[in-house]
Amino acid sequence: MIIITTQKGLHSVIHKKQTISALLASTLLIAGCSSNTSEESSGTTKEETKPAYHVEVADYNFDTFGNMFAYAEFELSGEPLAESLGLDLDVLDSKNVDSPTPFDYTAGIESYEYSEEAMYEVVEKSGLGIHLINGPVIKASAKETNQKPEEWLSERFLSLADSVGYPQEEIFRNMYPTTIEYSSGDPHYAEQVDTEEYASGDDNTYVPNYQVNFDSLRWDREGMDKILTPSAYGATFLKQALWAGDFLGGFHTIDGDEELAGETAKDDDDNTIALGVSSADGMQGMILTDEIWNKINFINDQLFYDSSKEKQAANVRNYDPSNGFIYLPHQVSVTESSDGVAPDAGSLEVTDSRSLLEDQWAMLWPTSEFFGMTDQRSENKQVAPSFQALFDGEPFTSAPKENLDADPSNDVDSNDAYTVNRDIMLAVFHNIDAMHFNQEAGTFVSENNGQEQGQTVHTFDAGYTVESLRIFQRAIDGLPVGYASGEDAEGLGTDEGKRAIEMMKKQAEFIMNELILDSGLAAESYDLNEKKASNNTTLEANLGAIRGLTAAYLATDDAKYRDAARQLYVTMDNELWNDEANAYYTSDDTMSYSPKTAGAVSAVLRNALLTLTNTGSDQETPENLEREMITQRYTDFYNQVIDGPALDQGMQASEFWDTGDFYKKDDDSGNTDGDMVPQIQAGHGENGISPVLVPVEISKSN
């Protein structure tokens, strides 16, 4: 039978095959780009020595925004980066640490797989949010068929499995798929992780129960901050959209599970071909897309706020901010209802009505990524055939034809993914423009109280807003997004795209002219009242400025933005890198890393490798921008700050088989691959801890 459980002891049951063969266990575990668990971890391992610097855990609060943002950057700095630099991904093996090179292993295995597994922890295992059975689409569909939501969702998962050729009996058990995620929580497991043997492998390895049954992986609901913050559910949305786009960006043969690029949206009508780049990846992509579909309907129906009326305002279709601001407020508190089989949002209350720039860019980016998947406009000829097949009515509803033309006045109500996501994306874009862009100064301000703009510019958020606008411009103009967001193509030239480029250019000019201090580093902030940059600089400010300048260059092809980004990178690297600690100073003489900071480091090192690195056409070729030195920075930073110099140190709190920590019958060390990251049940707490990022403080050893 297949069990989709919502809480311990509460489930809906659908009778299918009652025996899951051990032979199929490894297939069940390939929920992404995983390794064969039947092979022994026999490669080289990292040795623990007395570290020159401690990388101590500062606290164990799970910041949803920081983690999901960081892991989105880790994903893009993982396999896509390594492959773009010439690596054949087929040579990667999680058993063989630092092979074929330390950079290839760090990017292609650790950065990429940590990113994937952390997403599953949040949206499938932890319970950190409102269960998918309470999603608007699920509820409406169940009502139409006179079923309980949990019954309808169970049948939905079975049909999604069929659409990608995934065996129904191999769906993970006791999942907790989320509609929308809370802002923070305690990532320690609430009970003992079930590491008992589920299936045997070769060389004394085995598959533990928790890898197929998620029941023991819940977090304590009492430790969750039941607050809905746009940056938190937006960054999670970003993770979901990036992985869904990867998993569903092609077709595959059902018999051989061979990936096919696809030629038409009707390829899956052939009964030998299914959606998804493989059956397992396709299944995960379907679950992620279903979660997104419910998330955006929840946001659209319940989370927008009308500041003039000081109350909730649903439906932002054809929204015009000149008629009054309707936006996503910083905090909405949830009072859970215990009715039914899983807590629902019994009531919602806006507890912080400000519009923060961080929240808005963190929502613009994922809606733009998802728009690239759902876009059904006839004039966009660059949508992947597999995405067209995905939203052709089955398994996901297609958009009404009235909502696909150039005339917004004839749009009709619809809960389809394209329509709802488009409406949210455009509302957020218009609010970034109207509520946060200071036209006179040419820069983005960090806050709007619902009536007027603030006067403070934070460099990090201004820079990341440029990157989010870059992705938005590509999406609205029909250019590739996702892993292909750096590719050149001919766009549609929409008015919104032109406005996005205009704002990007002005912000980039402001960074160059107003935010760079005499030291050559970026100021942390700028006061528009005093028309003065702060004297303080931080690592985050410099990372944000580099990210924004690089994005402006990629969007406009204007070399001056690249030159400015290169110069700032060199100055940052010279002034802030500590050779002994293998980390950047984050402020003055301190090295305090939050997940957000670590994610931005990963992003800028990726930008340096792909866009800023020395080329034959550069007149100046600083050593800092030689590829060899950047890749060394990447691996040194990752080994020191993310993995850490000891088992109880570093930001990555735990790991399992995806990154080589296989379970062995004769090894109870909790660290079978011999690296600096413990297995999930073995470190940081009585019951262990999820494979997520925790903040750290770096200090010199005595």
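The values are calculated or read from the model by the stated rules, or taken from the named source; none is laboratory data. Every value quoted in this text rests on a predicted model; they were computed, and no experiment measured them. All Cβ positions, even for glycine, are placed from backbone atoms using ideal geometry, and neighbour counts span all protein chains on display. Side chains included, ligands, DNA and RNA excluded: accessible areas come from the protein's heavy atoms. Shrake-Rupley method; radii C 1.70, N 1.55, O 1.52, S 1.80 Å.
Considering A500, A484, A475, the condition of being open to solvent by 20 Å² or more (accessible area, probe 1.4 Å) and of a type in the set (A, V, I, L, M) is satisfied by A484 alone. Screening the candidates S368, S378 for the property of being small (G, A, S), out of contact with any His (no Cβ under 8 Å at 6 or more places or on another chain) and not in a loop (DSSP other than H, G, I, E, B) yields one hit, S368.
Kindly provide the set of residues from segment 94-131 that are on the phi > 0 side of the Ramachandran plot and either out of contact with any helix residue (DSSP H, G or I) (no Cβ under 7 Å at 6 or more places or on another chain) or among the basic types (K, R) (or both), ordered by number.
Just the residues of segment 94-131 that are on the phi > 0 side of the Ramachandran plot, to begin with: 98, 127, 129.
Once the filter is applied, which keeps residues that are on the phi > 0 side of the Ramachandran plot and either out of contact with any helix residue (DSSP H, G or I) (no Cβ under 7 Å at 6 or more places or on another chain) or among the basic types (K, R) (or both), segment 94-131 yields only G129.
Residue by residue through segment 85-100, note down the ones that are of a type outside the set (A, V, I, L, M, F, W, C), free of Cβ contacts under 8 Å to residues at least 24 places away in the same chain and part of a loop (DSSP other than H, G, I, E, B).
Here is the first cut: in segment 85-100, the residues of a type outside the set (A, V, I, L, M, F, W, C) are 86, 88, 90, 93-96, 98-100.
From what is left, the residues that are free of Cβ contacts under 8 Å to residues at least 24 places away in the same chain are 86, 88, 90, 100.
Matches in segment 85-100: G86, D88, P100.
For first residues located in segment 247-266 and without any contact (Cβ under 8 Å) to a residue 60 or more places away in the chain, partners that are open to solvent by 50 Å² or more (accessible area, probe 1.4 Å) and of a type outside the set (A, V, I, L, M) and lie 6+ apart or on another chain with Cβ distances below 7 Å form the pairs T253/T272; D255/T272. Would you tally the residues in segment 422-460 being more than 19 Å from S353 (Cβ to Cβ) and touching a residue at least 24 places away in the same chain (Cβ under 8 Å)? So the answer is 16.
Taking first residues from segment 139-155 that are surrounded by fewer than 19 Cβ atoms within 10 Å (Cβ to Cβ) and partners that are hydroxyl-bearing (S, T, Y) and modelled with pLDDT under 95, the Cβ contacts under 8 Å between residues at least 6 apart in sequence or on separate chains come to K148/S12; E151/S12.
Among residues of segment 189-204 that are closer than 14 Å to K664 by Cα and open to solvent by 60 Å² or more (accessible area, probe 1.4 Å), those with a beta-carbon under 8 Å from a residue that is hydrophobic (A, V, I, L, M, F, W, C) and in a strand (DSSP E or B) at least six positions away or on a different chain give the pairs E197/V207; S200/V207. Among the residues making up segment 645-675, those that are among the hydrophobic types (A, V, I, L, M, F, W, C), within 24 Å of the chain's Cα centre (by Cα) and more than 21 Å from K596 (Cβ to Cβ) are F656, W657. The residues in segment 398-443 that are in a helix (DSSP H, G or I), in contact with an Asp or Glu (Cβ under 7 Å, 6 or more places away or on another chain), surrounded by fewer than 17 Cβ atoms within 10 Å (Cβ to Cβ) and of a type outside the set (D, E, K, R) can be counted, and the count is 1.
Scanning segment 252-267 for residues that are open to solvent by less than 40 Å² (accessible area, probe 1.4 Å) and part of a loop (DSSP other than H, G, I, E, B) returns G262, A265.
For segment 330-340, the set of residues classified as open to solvent by 20 Å² or more (accessible area, probe 1.4 Å) and either in contact (Cβ under 8 Å) with a residue 60 or more places away in the chain or among the hydroxyl-bearing types (S, T, Y) (or both) consists of H330, Q331, S333, T335, E336, S337, S338, G340, listed by residue number. Residue pairs whose Cβ atoms lie under 6 Å apart, separated by 6 or more positions or on different chains, with the first residue in segment 522-539 and on the phi > 0 side of the Ramachandran plot and the second open to solvent by 60 Å² or more (accessible area, probe 1.4 Å) and small (G, A, S), do not occur. Within segment 267-280, how many residues turn out to be touching a residue at least 40 places away in the same chain (Cβ under 8 Å) and of a type outside the set (S, T, Y)? Of the residues in that region, 6 qualify.
Determine, yes or no, whether W361 is modelled with pLDDT of 95 or more, in a helix (DSSP H, G or I) and touching a Phe, Trp or Tyr at 6+ places or on another chain (Cβ under 7 Å). Yes, satisfied. Only one of the numbered conditions (1) under 26 Å from S701 (Cβ atoms); (2) surrounded by fewer than 23 Cβ atoms within 10 Å (Cβ to Cβ); (3) in contact (Cβ under 8 Å) with a residue 24 or more places away in the chain is violated by S669, and that is (3).
Among the residues of segment 171-188, which ones are farther than 23 Å from P695 by Cβ, aromatic (F, W, Y) and open to solvent by less than 10 Å² (accessible area, probe 1.4 Å)? Listed by number, the list holds a single entry, Y176.
Can you go through S587, S617, S602 and tell me which one is of a type in the set (G, A, S) and within 25 Å of the chain's Cα centre (by Cα)? Break it down stepwise before answering.
Numbers: S587 fails: within 25 Å of the chain's Cα centre (by Cα); S617 fails: within 25 Å of the chain's Cα centre (by Cα).
Step by step, each of S587, S617, S602 is checked, and only S602 is of a type in the set (G, A, S) and within 25 Å of the chain's Cα centre (by Cα).
Screening D301, D290 for residues that are open to solvent by 20 Å² or more (accessible area, probe 1.4 Å), at pLDDT 95 or above and not in a loop (DSSP other than H, G, I, E, B) leaves exactly one candidate, D301. Scanning segment 276-303 for residues that are among the aliphatic types (A, V, I, L, M) and closer than 19 Å to V137 by Cβ gives M283, M286, I287, L288, I292, I296, I299, L303. Would you please name the residue that is most open to solvent (accessible area, probe 1.4 Å), looking only at residues in segment 685-702 that are farther than 25 Å from T659 by Cα and in a strand (DSSP E or B)? Among them, the one singled out is K700. If you go through segment 75-122 and keep only what is under 12 Å from the mean Cα position of the chain (by Cα), of a type in the set (A, V, I, L, M) and open to solvent by less than 10 Å² (accessible area, probe 1.4 Å), you end up with A118, M119, V122. Within segment 552-593, being closer than 24 Å to T635 by Cα and either part of a strand (DSSP E or B) or among the small types (G, A, S) (or both) holds for A565, W577, N578, A581, A583, Y584, S587, T590, S592, Y593. Within segment 268-287, the set of residues being surrounded by fewer than 24 Cβ atoms within 10 Å (Cβ to Cβ), at pLDDT 95 or above and in a helix (DSSP H, G or I) comprises S279 only. So which residues in segment 313-329 are touching a strand residue (DSSP E or B) at 6+ places or on another chain (Cβ under 7 Å) and either outside any loop (DSSP other than H, G, I, E, B) or open to solvent by 60 Å² or more (accessible area, probe 1.4 Å) (or both)? Scanning segment 313-329 gives I326, Y327. Taking the listed residues L356, L328, the one that is within 24 Å of L128 (Cα to Cα) and in contact with a helix residue (DSSP H, G or I) (Cβ under 7 Å, 6 or more places away or on another chain) is L328, with no other qualifying. Restricting A261, A313, A241 to those that are small (G, A, S) and modelled with pLDDT of 95 or more reduces the list to A241.
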